[in-house]
Amino acid sequence: MTTRAPVSAVLIVLAVFAGLTGVRLAYTLAYLMVLLMVASFLWSRALAKRLRVERQSPTGTFSVGDQFEEQFVVRNRSHLPMPYCEVLDRSELRAYRPDRVCGLGAGQAVGWQARGEFERRGRHRFGPLIARVGDPFGLFPRNVRVAAASDVVVFPTIHHLDDSVASWAGGSFDATTGGQPHDRPPDASGVRLYQSGDPLNRVHWLSSARTGNLMSRTFDTRQSSDQLIVLDLEYGIHAGVAPESSLEYAISICASLVHAAVRAGKAVGLVTNDRAGTVIGAGRGEAQRLRILEFLAVAQADGYMPIAHLVEQHGRMWKGRGGITVITASRETDWVESLVDVGSRGQRHLAVVVDPTSFGAPGTAVRVPTAWRLAANWWVVRSGDALSTLSVRASGM
Amino acid sequence: MRRSPVSILASTILVLLSMITMTWAVLSGGWTDGSTVLYLIVVAGVVEGVLVAQLLRHRVFELLLAPFLAYLIIIPATSNLLPAGIDGTGNVISKYLLASWQGIVSNDPWTFTVGLGTIIWAVSYNLAWLATREQRAAVGTLPAFGALGINALNAPLPGAVVAPTLLCAVFLLLVIASSQIGGLLQQWHIRRLPILPGLTRRFAAGTAFCVAALLCVAAVIPPVSTTDFSKTLFHYTHGPLGVISQTPQNVTVGFSPAVQPGGPLISKPTPVFTYSGNSSQTYFTVTVDGAFSQGTWNPGPPLGVPESRVPFPGPEVPRDRNPADGGVGAVTATVRDSIRYVAANPTGDTAFGIFPGDPDSSSLPGNAFGTDGFSGLLTVNAIELDSTTSVGASAAVSGIESTATGDQLRGAGTQYPDFARTYATFPLDSSDAQTISRLAQNWTSGTGNAYDAATAIEAHLRDPHSFTYTLNPPAAPSGKWPITYFLTSSKAGYCQYFASAMGAMLRAEGIPARLVSGFGPGSATGSDFTVTTSDAHVWVQAFFPNYGWINFEPTPPSVLGNYQTVPRGVDPTKPTPTPAPTATAQPKPTPRPTAHVAPTPLPTHAPGSATSLGPPSWLGPLALIVALVALVLGVTAGWLRNPKGVPAIWRRLRFLARLSGMRPMRASDTQLAYTRRWIEQLPGPVATHHVVGESLTDIAQLSMKHQYSRDGLAEPDHERMTAAWRGMLRAFPKLAWQRIANRRGGAANATE
């Protein structure tokens, strides 16, 4: 509540008294109130017009967890002192409060730094700012709006997955997993330093003799090791509130797999069932990684196509090109059949199930039947799992 | 969330200072002597208000507790002053309750002190409570400013209240600012907003500078008008705006043969006599005060001059009627009136004859007192009637009025007859007399004759920028003549002050002068005029060779009387083109409520006109109604403009909907459904619909989000809500107008 109404009432009463009686003192009091109103109006107006708020914000791309810093400077360019100035940031960055309150003399400036951390993926805008100034009597408070400074894109959290998970995702970066998953004979593609656990029949003796170190052969299938990731963004299947939501986990896993694949030189593509039906064709390199991460930064579960259709539709076209990774929180089962259908001999796809019940969805926890385990690799993720050590969880599934 | 202790302490100190200065202002006004008691009550009121605000959380308790807290301090503080003879707890309690309720209008000192103390306590408690708990000090200052204003307008000693009143106003503004910063700090604390160093210091400095500058500017701006209209608006009053003045002395305005300027008066008009005759413009002479001593005037001739007593059986007053002797003027008119007494002994214990001018004839026999002349009395100082006058008695009287013009008086010269010279003695045997003499010389410098000198003095005294009429003049310091204090310091008084001062200054200038005690012409009651005790008046007569004693009116128009200068060259018995109210010209028989009435024609009052002077009588109630309507509209506008929170906005929206003719919201209605219904019923062009529709939809959606969403509204939502509400407010007047226009159109169509 501003004080304008009661002060106006006082002014009216005193003015009536003065006008009726002609008493000088009553006039002086009435003048005092009139001048108070006029001076307060002009004061707050001058402050609002001559206020400048400068802001230096970061630009570019960041990942969740990155730190940032902003610089603020408030200048009072009027010839009147500024009793108070509230600088309020209207950015939608969580847990970031660069707001300050200051008082300034005529022509003075004050600055401060604010540090924050990007806690959520997305496209974030620094600003706008609202500066609230006014006279000291609360008669004419004013808001000055300062436009937004810059936008940043915050990628989802990227975890460094261990090789086993990466290999499950359709590629054989290193044949460290026990047994031969494929029926087709592998081709030796290179050698590397022997690592503890490598079978002796993989030792390449000629290279070992030449280099003086034990060298193991690396193998690759004849199939392409490209990777197609199918991300389930169907509306209503996810549970939880960001950042502890199945959607955020799914997106983070997706980003991590993409990151790992690109770093390994593999081509990776992304298919989603969001409202726009986003499809990012397979590709390699940093540009592809950024393309997918930019999409993942803003991706929302707003689609209506069932994941089974998506797997069926894109899995057929992908046949023979490499592995398929399905990331979903769906508790339906038909998509598993679709995934198995699009498989081929010697090709095991990866199914990443983010268990929605662990994020608060009703129902019992997801269980993977044995038959499904034989048909594909399975990775069940629950709330609180450390995503960088998934192999442990996966193997123990 | 409570305010910080430092903020509360600062507010408390400012509230305390403002209330102490308010009490100082009241006490300076001369209402009462209970200074210690009132200061104690103020301090207690502030402390209680702050403690209650900090300790209790329920407003209802705080309100219920207030009377007990008030009496907790008022009773102990005033019990030792309680009048004797009041026994029993019940009697004491009832006495206190009565005194608290209406003590402010009482003449009893104890009752008045209790009443005043109650008001001051209430103002202090209210302000302290609002300033420290509610952060609404601006609301709390309303009664304080009201008390200051009433005190400024009605104080018995108006000159003394200026400094404390202005100081109190400054403190009240600082209280508002303190409350404002306190509220802001509290908000910032709740919202965890970091505050950079130096804010409170800059806030305080800026506020102090602003208030000081405003006060300086306000103090030097002259008033728009010094005319007092309140008397014509508020009848039956004893002071401006109808507030009855408490006076230390309960002296009522009435006839007094001596002119001794004293303390405050109160006006209680009581009819004295009625009259009709051939004029209504004359003053009624009762006694002449020619004896000046130590600043006061007494009946009779100047000191050292013998006074004769001449019996007369009537009707002719035994006076020397030869203009050459100086007893009467050469150019005069005789005013004849028939007087009927409506009060016994209107002139006090001694029954004096009442004459419309210098005594000429009376049907009532008596004894004439005056200075001996050649063929009768040269001056008639009074006619003492043989018997007291009773109610219903009547008398046919006549008086002599000069009709000399200004030019004639300017050329009258200074060849005064011997008896007149005795009226020009003014011994400079005291500093007061010397001061008056110096002042008279200053005022009359540049004048070339006695008449111009007299009119110069008269004009100075009538100047509203220099002197103020009041029934509550400040008391002169001990040892100083009241008229000297009046002329040099207070510059405020009633007719005795003005007439005494002018008479003394005329004598200091060597002009024969005397004062006349009597009555003004009263007010019309049908074909007659009624004179009341409050019409008692004193004026000045100066002597001019060949023209005799000439009336002067030094008392200015004021809140209690529209005194005008005496027109020259006018025969009061004949209607002239100059404004001259007659008995038949007065449209209303209502007696004038004030102490004194102008005896001279009023400039805007043409003869025979039925138009009364000043604002019409309905203007007062109309102004009151307009003020009330403005107040209600202002409060409603404030209520509409400052909703706190989403539910408040929704409540106001429903209020506007009801004003627009919408049916009440049904239990089955969602907010959105209700606003959609409203949008469908909206009158007017599509453009307005669009704006209003958007605002309404926004408000409804956000209200629903606020009500049903788990997280409530985010900050941008609040801003959107506020913007939508403001948009709605802006568009509503147009909608209302369109609705009225549509109704009219509909009614017109129905008529066709």
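The values are calculated or read from the model by the stated rules, or taken from the named source; none is laboratory data. This one's a predicted model, so the numbers in the text were calculated from it and none came from an experiment. Positions of Cβ are generated from backbone atoms using ideal geometry, with glycine treated the same way; all protein chains shown enter the neighbour counts.
Brief remarks on what is shown
- Scanning the stretch B:338-357 for residues that are of a type in the set (S, T, N, Q) and under 15 Å from residue B:518 (Cα atoms) gives B:345, B:347, B:350.
- Tabulated pairs, the stretch A:1-24, first in contact (Cβ under 8 Å) with a residue 60 or more places away in the chain, second in a helix (DSSP H, G or I) and β-branched (Val, Ile, Thr), C-beta under 7 angstrom, 6+ apart or interchain: A:3/B:176
- Considering the stretch B:314-432, the qualifying strands (runs of 3 or more DSSP E), each wholly inside and each with 3 or more residues that are touching a Gly at 6+ places or on another chain (Cβ under 7 Å) and of a type in the set (A, V, I, L, M, F, W, C), run over B:377-385.
- Qualifying positions in the stretch A:312-342 - β-branched (Val, Ile, Thr), touching a helix residue (DSSP H, G or I) at 6+ places or on another chain (Cβ under 7 Å) and within 25 Å of residue A:240 (Cα to Cα): A:325, A:326, A:327, A:328, A:336
- Checked against (1) out of contact with any Asp or Glu (no Cβ under 7 Å at 6 or more places or on another chain); (2) away from every other protein chain (no Cβ under 14 Å), residue A:32 meets all criteria but (2).
- Taken over the stretch A:95-110, the criterion of being assigned to a loop (DSSP other than H, G, I, E, B), within 12 Å of chain B (Cβ to nearest Cβ) and surrounded by 19 or more Cβ atoms within 10 Å (Cβ to Cβ) is satisfied by A:98, A:99.
- For the condition of a type in the set (D, E, K, R), surrounded by fewer than 20 Cβ atoms within 10 Å (Cβ to Cβ), part of a loop (DSSP other than H, G, I, E, B) and at the interface with chain B (Cβ under 10 Å from one of its Cβ atoms), residue A:92 qualifies.
- When the test is whether a residue is under 18 Å from residue B:409 (Cα atoms) and touching a Pro at 6+ places or on another chain (Cβ under 8 Å), residue B:529 does not pass it.
- Qualifying residue in the stretch A:66-84 (condition: of a type in the set (Phe, Trp, Tyr), closer than 30 Å to residue B:179 by Cβ, within 8 Å of chain B (Cβ to nearest Cβ) and in a strand (DSSP E or B)): yes
- Yes/no for residue A:39 being surrounded by fewer than 22 Cβ atoms within 10 Å (Cβ to Cβ) and either in contact with a helix residue (DSSP H, G or I) (Cβ under 9 Å, 6 or more places away or on another chain) or more than 10 Å from chain B (Cβ to nearest Cβ) (or both): yes
- Checked against the criterion of being of a type outside the set (Phe, Trp, Tyr) and more than 9 Å from chain A (Cβ to nearest Cβ), the stretch B:204-213 contains one or more residues that satisfy it.
- Flag if residue B:174 is in contact with a strand residue (DSSP E or B) (Cβ under 7 Å, 6 or more places away or on another chain) and surrounded by 24 or more Cβ atoms within 10 Å (Cβ to Cβ): no
- Within the stretch B:136-147, if we keep just the residues that are buried (at least 24 other Cβ atoms within 10 Å of the Cβ) and either of a type in the set (Ser, Thr, Tyr) or more than 7 Å from chain A (Cβ to nearest Cβ) (or both), the residue that is nearest to residue B:125 (Cα to Cα) turns out to be B:140.
- Tabulated pairs, the stretch B:168-195, first within 7 Å of chain A (Cβ to nearest Cβ) and under 19 Å from residue B:209 (Cβ atoms), second assigned to a loop (DSSP other than H, G, I, E, B) and of a type in the set (A, V, I, L, M), C-beta under 7 angstrom, 6+ apart or interchain: none
- Qualifying residue in the stretch A:279-293 (condition: surrounded by fewer than 18 Cβ atoms within 10 Å (Cβ to Cβ), out of contact with any helix residue (DSSP H, G or I) (no Cβ under 7 Å at 6 or more places or on another chain) and in a loop (DSSP other than H, G, I, E, B)): no
- Some residue of the stretch A:300-315 being surrounded by 22 or more Cβ atoms within 10 Å (Cβ to Cβ) and either part of a loop (DSSP other than H, G, I, E, B) or among the basic types (Lys, Arg) (or both): yes
- Note on the stretch A:111-140: among residues that are outside any loop (DSSP other than H, G, I, E, B) and of a type in the set (Phe, Trp, Tyr), the one that is nearest to residue B:137 (Cα to Cα) is A:112.
- Failed criterion for residue B:313 (all others in (1) free of Cβ contacts under 8 Å to residues at least 60 places away in the same chain; (2) crowded, with 18+ Cβ neighbours inside 10 Å hold): (2)
- The requirement of being at the interface with chain B (Cβ under 8 Å from one of its Cβ atoms) and either part of a helix (DSSP H, G or I) or small (Gly, Ala, Ser) (or both) is satisfied by residue A:7.
- Selected residue (criterion: modelled with the lowest pLDDT) from residues of the stretch A:142-198 that are within 20 Å of residue A:351 (Cβ to Cβ) and among the acidic types (Asp, Glu): A:163
- Considering residues of the stretch A:225-252 that are of a type in the set (Val, Ile, Thr) and under 15 Å from the mean Cα position of the chain (by Cα) only, the residue farthest from residue A:365 (Cα to Cα): A:251
- Every residue from the stretch A:349-375 that is part of a loop (DSSP other than H, G, I, E, B) and surrounded by 21 or more Cβ atoms within 10 Å (Cβ to Cβ): A:349, A:355
- Restricting the stretch B:451-479 to residues that are within 14 Å of another protein chain (Cβ to nearest Cβ) and of a type in the set (S, T, N, Q), the residue that is farthest from residue B:416 (Cα to Cα): B:472
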